[in-house]
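This report refers to the structure that appears directly beneath it.
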Amino acid sequence: MKITEVKTYNLSYPLIEPFANARSWSKARHAGIVEIYTDAGITGWGEGTSTPSQAAIDACLIGEDPFDIEVIWNTMHQRGGSNAAAISGVDIALWDIVGKALNQPIYRLLGGAFRNQIPAYATGLFKKDVPDITQALMDEAKGYVDQGFSAMKMKIGFGEAYDVKNVAAVRKAIGDEIILAVDANCGYDVGTAIDVGQKIAENDLFWYEEPITTNDVEGYVEIRRALNMRIAGGEGLQGRWGFRDLIQKRGYDIVQPDISIAGGFTECRKVAAMASANHLRVLPHMWGSSIRLAATLHWQATIPDAPQALNPIPSLFEFDMTENRLRTDLAKVPIQAVEGYVAVPQEPGLGIEIDRTVLEKYAS
Ligand code: CA
C-alpha cells in the first residue's frame with residue numbers, strides 16, 4: 001500500500017458563549033485535521049494542533065507505505081522539519097489506515113484494552129461572563145453529578161480570592177464523594193501556586209494541574225514537595241524529549257500527554273513507557289474534535305493501572321463538556337459519556353466515520 005495524497009483542513013468553530021481559563025478567553029475552537037489517501041482505497045483521519053507543510057507532505061509521505069509508521073515519524077522529525085504537533089495528525093491517520101487495512105480497532109494494534117469503557121471526569125467549570133459566577137459554577141457542578149459523573153475538573157488560577165471561594169463552593173455543591181481536580185492553566189508563579197495550593201487543599205482535591213508554566217522543571221519539583229496533593233501537567237509538551245526531565249526529576253504525580261500535541265500514538269507510547277519506568281501515572285489530556293476524542297480513547301484503553309492494585313486509582317478520561325460542534329458533530333455517531341463512562345470505539349481504525357458536511361462547514 002502507498003500513500004497517494006494528503007489533505008489538511010483547519011477547522012474553526014465559533015463559540016456561542018465565550019469562556020476563560022487562567023490565561024485567556026476562548027471565543028472559538030480549532031482543529032487541525034489530516035486526511036491521508038492510499039492506493040488501496042483506504043483513507044485515514046488524524047488531528048494535530050498544527051498540520052504538516054506541503055513540503056513535508058511531499059518529502060516524507062507521498063509514495064510511502066502507511067505501515068511504516070515509526071520510519072515516517074522519524075523521517076518527518078529528522079528531515080522533514082516538522083514538530084511533534086504537526087506529526088501527531090499524520091501519525092493518528094496512519095494508525096487509522098493500518099487498523100482499517102487489518103480490520104482491527106487501533107487499541108488492539110497497540111496490544112489490547114485494559115478497559116473497554118473508561119470512567120470520565122467532566123471538564124468544564126470555566127470562568128464565564130455571568131452576574132454570579134459562584135452560583136453558576138455550583139449549578140454546573142451539580143449538573144454533572146446529576147448526569148452520572150463521579151469526577152470533574154474546575155478552572156482556577158484567577159487569583160487567591162476567586163480560587164479559595166469558588167473551589168470551596170463547588171466542593172460544597174457536589175459533596176464529599178465526588179472526585180474534584182483543579183487546573184490553573186499555567187497561571188501562577190511558584191510562590192503563588194504554593195500559597196493558593198495550601199489554601200485550597202482542604203477541599204480534598206484529586207490533583208492540581210499546571211500550577212505554573214509548562215517547562216519549569218525545578219518549579220514543578222518545588223511545588224510537588226511543598227504541597228500535600230498530586231501535581232499534574234504536560235499537555236503542552238512535544239515529543240519524548242519534552243517530557244524527559246519533568247518525568248525523571250519527578251515534577252509530576254500525573255503525566256498528561258495530549259495525543260495531538262505530543263506526537264500521536266507512536267510518541268505517546270514512548271512517553272507512557274518513560275512514565276512507567278519512573279513510577280508515574282499517565283492520564284491523557286483531551287481537548288479537541290471527534291478525532292482526538294476517539295484517538296485518546298484507544299490509547300488510554302491500553303495504559304495499565306499504575307500501580308496495579310485491588311482497588312486501583314481509576315484511569316479517568318478527560319471528557320470535555322463545553323459546547324463544541326467539532327467534538328459533538330464531526331463524527332456521524334457522536335462519542336458520549338453515559339452515566340459517567342465513555343465506551344472505547346470497537347470498529348476498525350479509530351472506529352468513527354467523519355461527516356464531510358460538518359468538515360466542510362467549519363473549514364476555513
Ligand atoms: Ca489543562
All positions within the stretch 57-79 that are without any contact (Cβ under 8 Å) to a residue 40 or more places away in the chain and either under 22 Å from residue 258 (Cα atoms) or part of a loop (DSSP other than H, G, I, E, B) (or both): 68, 71, 72, 74, 75, 76, 78, 79
Residue list for the stretch 306-319, filter: open to solvent by 30 Å² or more (accessible area, probe 1.4 Å) and either within 16 Å of the ligand (Cβ to nearest atom) or of a type in the set (A, V, I, L, M, F, W, C) (or both): 306, 309, 310, 313
Selection from the stretch 75-96 of residues that are open to solvent by 10 Å² or more (accessible area, probe 1.4 Å) and not charged (D, E, K, R): 75, 77, 78, 80, 81, 82, 83, 95
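Restricting to the stretch 320-340, and then to whatever is of a type in the set (S, T, N, Q) and closer than 17 Å to residue 16 by Cβ, can you tell me which residue is most open to solvent (accessible area, probe 1.4 Å)?
Here the answer is 328.
So which of 159, 148 ends up being away from the ligand (no atom under 14 Å from the Cβ), under 20 Å from residue 286 (Cβ atoms), out of contact with any Cys (no Cβ under 7 Å at 6 or more places or on another chain) and open to solvent by less than 40 Å² (accessible area, probe 1.4 Å)?
148
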Some residue of the stretch 341-362 being part of a loop (DSSP other than H, G, I, E, B), more than 19 Å from residue 92 (Cβ to Cβ), in contact (Cβ under 8 Å) with a residue 12 or more places away in the chain and open to solvent by less than 60 Å² (accessible area, probe 1.4 Å): no
Tally of residues being farther than 17 Å from residue 361 by Cβ, assigned to a strand (DSSP E or B) and open to solvent by less than 60 Å² (accessible area, probe 1.4 Å) across the stretch 9-46: 11
Output for the stretch 233-245, where each listed residue is away from the ligand (no atom under 15 Å from the Cβ) and open to solvent by less than 10 Å² (accessible area, probe 1.4 Å): 239, 243
Criterion (under 30 Å from residue 78 (Cβ atoms), touching a Lys or Arg at 6+ places or on another chain (Cβ under 7 Å), within 16 Å of the ligand (Cβ to nearest atom) and hydrophobic (A, V, I, L, M, F, W, C)) met by exactly one of 259, 254: 259
Every residue from the stretch 200-228 that is more than 16 Å from the ligand (Cβ to nearest atom) and open to solvent by 80 Å² or more (accessible area, probe 1.4 Å): 202, 204, 218, 222, 225, 228
Qualifying residues in the stretch 268-289 (those that are in contact with a Lys or Arg (Cβ under 6 Å, 6 or more places away or on another chain) and open to solvent by less than 10 Å² (accessible area, probe 1.4 Å)) - the one farthest from residue 334 (Cα to Cα): 271
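Looking for something open to solvent by 10 Å² or more (accessible area, probe 1.4 Å), within 27 Å of residue 9 (Cβ to Cβ) and of a type in the set (Phe, Trp, Tyr) - is there at least one such residue anywhere in the stretch 297-305?
Looking for residues that are open to solvent by 10 Å² or more (accessible area, probe 1.4 Å), within 27 Å of residue 9 (Cβ to Cβ) and of a type in the set (Phe, Trp, Tyr), one finds none in the stretch 297-305, hence no.
The values are calculated or read from the model by the stated rules, or taken from the named source; none is laboratory data. Computed from a prediction, not measured in an experiment: that's the story for all the values here. For neighbour counting, all protein chains shown are included, and Cβ atoms are generated from backbone atoms with ideal geometry for every residue, glycine included. Surface areas here come from the heavy atoms of the whole protein model, side chains and all, with no ligands, DNA or RNA. Shrake-Rupley method; radii C 1.70, N 1.55, O 1.52, S 1.80 Å.
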